[in-house]
Amino acid sequence: MDTLGAPGAGIAIALENLFPPLPSEVILPLAGFAASTGRMSLIAALLWTTAGSVTGALALYGLGALLGRERTVAMAARLPLVKVSDIERTEAWFERHGTKAVFFGRMIPVFRSLISVPAGVERMPLPVFLGLTTLGSALWNTVFVLAGYALGENWQDVTGYVSAYSKVILVGAALVVLLFVGRRLLRPGVGRRRG
């Protein structure tokens, strides 16, 4: 950001979408802080970070579209505890809730990046995907950029609140996965073969 200004913030957020361990919760408030010092304009910070979010999401959408349903199903079918029927139910769920998943998913850590892949696999209409991604990303980015702008030199305070939010979301997701695996392993007849 020091070298490239607002475009640098956009590039950092695009990379965060492709590599979720890079935390937008640090990049966005830092962009807000930079705007508060006059190193970039606040509007430029908001526009560039949103453009970066959309660019990263579009790359993952393209990956899902490139892999397609057959390859995704073939890869998933080789995974332990995964059934093709589960994938079909997920597809049906995505068909019913895909627009909400893409929009609200932009505000959930880790999920905000991954939701683009099934959108691509299911070939969600690109204008719809781009519109929902832009709106959801703009909301998420605006909250954090404005927080960094308002806090100034104390912009790092934002990360404490987001860290707690992220932990709650990730613990909830882990519990859902454990419940799924537990039900699969404890279901009568699983693991027994009849000869």
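Being among the hydroxyl-bearing types (S, T, Y), buried (at least 16 other Cβ atoms within 10 Å of the Cβ) and modelled with pLDDT of 85 or more is the filter here, so list the residues in the stretch 37-73 that pass it.
If we filter the stretch 37-73 for residues that are among the hydroxyl-bearing types (S, T, Y), which is where we start, we get 37, 41, 49-50, 53, 55, 61, 72.
Filter again for buried (at least 16 other Cβ atoms within 10 Å of the Cβ), leaving 49-50, 53, 55, 61, 72.
Answer for the stretch 37-73, where residues must be among the hydroxyl-bearing types (S, T, Y), buried (at least 16 other Cβ atoms within 10 Å of the Cβ) and modelled with pLDDT of 85 or more: T49, T50, S53, T55, Y61.
Report, ordered by the first and then the second residue, all pairs with beta carbons closer than 9 Å, sequence separation of six or more or different chains, a first member in the stretch 93-122 that is touching a residue at least 60 places away in the same chain (Cβ under 8 Å) and over 12 Å from S137 (Cα atoms), and a second member that is crowded, with 22+ Cβ neighbours inside 10 Å and of a type in the set (A, V, I, L, M).
What qualifies is S116/A57; S116/V102.
Which is at negative phi, at pLDDT 85 or above and not acidic (D, E), of G172, G136?
Working: G172 fails: at pLDDT 85 or above.
Exactly one of G172, G136 is at negative phi, at pLDDT 85 or above and not acidic (D, E), namely G136.
Going through the stretch 107-133 one residue at a time, which ones are within 14 Å of the chain's Cα centre (by Cα), modelled with pLDDT of 80 or more and not in a helix (DSSP H, G or I)?
Result: I115, single match.
Scan the stretch 74-106 for residues that are modelled with pLDDT of 75 or more and surrounded by 14 or more Cβ atoms within 10 Å (Cβ to Cβ) and jot them down.
Those that are modelled with pLDDT of 75 or more and surrounded by 14 or more Cβ atoms within 10 Å (Cβ to Cβ): G98, T99, A101, V102, F103, F104, G105, R106.
The values are calculated or read from the model by the stated rules, or taken from the named source; none is laboratory data. Worth saying up front: this structure is predicted, and the values here are computed from it rather than measured. No Cβ is skipped: glycine too gets one built from the backbone with ideal geometry, and neighbour counts run over all protein chains shown.
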